[in-house]
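As structure tokens, the structure follows; a few thoughts come after it.
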């Protein structure tokens, strides 16, 4: 290849591209394919073209019609190759511009050297910790969402945000509006009614003044808001007075550009926000070096615009109306000062009308439920709608991506997407397709301690805020989860069992093999044959890498905290299950019986060791975790139910676990608490130390069914379905673990995620547990176990390799407790 002479700084870049094709074999998946062009904006180096074509790489100096154009400096590219930066962080920091299909650039990451250290050596300082205030709670706010854009307000539509209260307009993990307050003649507005039309649209009927004197008012206001690629609100004033009235309408506007994680964790980073007034719009700006975020507010009617809002002075005739359309744009500037969505083919958005049709189509294709139990009907309806709506059109990818929950989790979370996809498989298999695709695309390729990334590891979190952009935190691609990799394999196998789609399983063979390699080569630093959870330091303290990630979640019975690393019990169960499932896929889909036999031997050995090392014979349950020295962490927690879900429990021990799970220390009457009331760190308000998580309970219920405990599974399912009545059919992420006999109603937790995909999915998995649905090749088995007096449940048109099938269950008295299988 000719030597293109240039500045010495470009030679490492030349050498990288010249050797790229030789280093590529067996490092690329079969899809996606296409041509990348790398353009270096400092003019010191010609462009390079890289073609990704079915696991092959071609490197050229010329190319025609590239699918992805990447523009950056040679220094920035060399930082990327050296592992000092991450491509998603660079994009949102504004030092790289991408036009076309960004997914090709993410696949290109597999060709970079393995060594990396992408943390910011000089993270920004000045973060202030604040004590969360007793602001409005779950039942006192209203929200709309579209993708990962959402608006949360008080019930009259106003936003007056505090640093630790998640009110406002959010987009890509950033608050673009923190003040949105409407007054008429200086009076705040009181609510008459709220019409939640769709997940992305609502109407507020309002009157000026306090509820004590609006009965005879002649003025009313309608706020009709919707959210999509932008946020719109139509204000309409009605004058029912017998004469014209002159009104002063004021909309106070502000933006703090806070990150959603800061609000969640009670931190505040000082930011300087500037405002500028154009002829017809107000622009709010935040800049940090190359990062530029902007909020643009415009109106369809004339207004006096100042740096703090808009004022309308209008006269409305008797029995007439006045209206204006307010539009808010949320802009993320790239290297060329464009909004980065304008240049990414993958970011082509959908209109609100198109999104509504898409949600309706998804909902219309799920199995039809007919149940005598009304709370089940309502919970099913709400859950299906929420799962259909909880997607976002990321700038990174072509298809819709699974979002997790509002307000804290309107982004990609690996574990939560895998769990909700598993829960929903018989009903919404498309969610599993989206989840598997995105997690395969983002699979770890480098060894980067800052992010927890390792080759083959499945990502846990991807955020787009300021901390992610500047690598102050690993949020752009955070791999610090010890369970996502096994759950990826579990979902891949479960998807094939329910759909018969071998093509997809074959498509992700290279990613599945890499996941298995991670479990064997990286996940066991202790050398004890387990998958270990490492210590991850966050602003809130050191946490582990399991779903119970709170700083004090993994604890001893007396409240002491164990040392790191930790072999947490349910992760060993997931690993056991993953190896057995991968063995089935290796034999059935990949044509590799030798791999299948090896995985089956490894799974059998893991089960023997686990039942030896984790069992606490004097307690009758398994240890929550092991320390590296083998000391068992002896707290009683809901995690033991996940062991039934994975099948790692010896049958003769299952009954003892069931007694604990349904005993008064763990079971509240609404569901199983995360931590038993007998433990030193128990609190019914404890995030992972006593609260009730519907997703957790759904996995436990399915585990009970797996071991033949129909009655106990139905008891958990029915407790949660009864609780859903008090949440309008929408189970939140979690709620307080008080005894049902004491509170009579479930106690909501302040600002947990709702809707929350794993809680919406919990309703579906609980329904599956009640009906005993299980695929066996080209057949669907139904083994219903409903509590007495619940009437009939019919589930019609379940899709699968069998075509379409119906399931029926009737509430009858249970037989004696079955012997565990």
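The values are calculated or read from the model by the stated rules, or taken from the named source; none is laboratory data. The structure displayed is predicted, hence computed values, not measured ones. FYI the Cβ positions are ideal-geometry reconstructions off the backbone, even for glycines, and counts take in every protein chain you see.
A few notes on this one:
- Test for residue 445: is it in a loop (DSSP other than H, G, I, E, B) and either closer than 29 Å to residue 769 by Cβ or not assigned by TED's automatic domain parsing to the domain that holds residue 173 (or both): yes
- Test: residue in the range 528-547 that is assigned to a helix (DSSP H, G or I), more than 30 Å from residue 616 (Cα to Cα) and either assigned by TED's automatic domain parsing to the domain that holds residue 422 or touching a helix residue (DSSP H, G or I) at 6+ places or on another chain (Cβ under 6 Å) (or both): no
- Filter pass, residue 456 being in contact (Cβ under 8 Å) with a residue 60 or more places away in the chain, outside any helix (DSSP H, G or I) and either on the phi < 0 side of the Ramachandran plot or out of contact with any strand residue (DSSP E or B) (no Cβ under 6 Å at 6 or more places or on another chain) (or both): yes
- Boolean, residue 279 is loosely packed, with under 13 Cβ neighbours inside 10 Å and touching a helix residue (DSSP H, G or I) at 6+ places or on another chain (Cβ under 9 Å): no
- Residue match in the range 160-177 (condition: assigned by TED's automatic domain parsing to the domain that holds residue 274, assigned to a loop (DSSP other than H, G, I, E, B), modelled with pLDDT under 95 and over 24 Å from residue 409 (Cβ atoms)): no
- Cβ pairs under 6 Å, 6+ apart, first in the range 723-741 and crowded, with 24+ Cβ neighbours inside 10 Å, second at pLDDT 95 or above and assigned to a helix (DSSP H, G or I): 724/379; 731/694; 731/724; 731/759; 733/759
- Of the strands (runs of 3 or more DSSP E) lying entirely inside the range 191-295, those carrying at least 3 residues that are over 24 Å from residue 323 (Cα atoms) and not assigned by TED's automatic domain parsing to the domain that holds residue 751 are 273-277, 281-288.
- Scanning the range 14-52 for residues being part of a helix (DSSP H, G or I) and under 32 Å from the mean Cα position of the chain (by Cα) gives a total of 0.
- Within the range 651-663, considering residues that are without any contact (Cβ under 8 Å) to a residue 40 or more places away in the chain and surrounded by fewer than 23 Cβ atoms within 10 Å (Cβ to Cβ), the one farthest from residue 490 (Cα to Cα): 663
- Taking the listed residues 379, 371, the one that is in contact with a strand residue (DSSP E or B) (Cβ under 8 Å, 6 or more places away or on another chain) and more than 18 Å from residue 439 (Cβ to Cβ) is 371, with no other qualifying.
- Just one residue in the set 413, 492, 436 is at pLDDT 95 or above, surrounded by fewer than 24 Cβ atoms within 10 Å (Cβ to Cβ) and within 20 Å of the chain's Cα centre (by Cα); that residue is 436.
- Test: residue in the range 755-768 that is surrounded by fewer than 21 Cβ atoms within 10 Å (Cβ to Cβ) and in the same structural domain as residue 620 (by TED's automatic domain parsing): no
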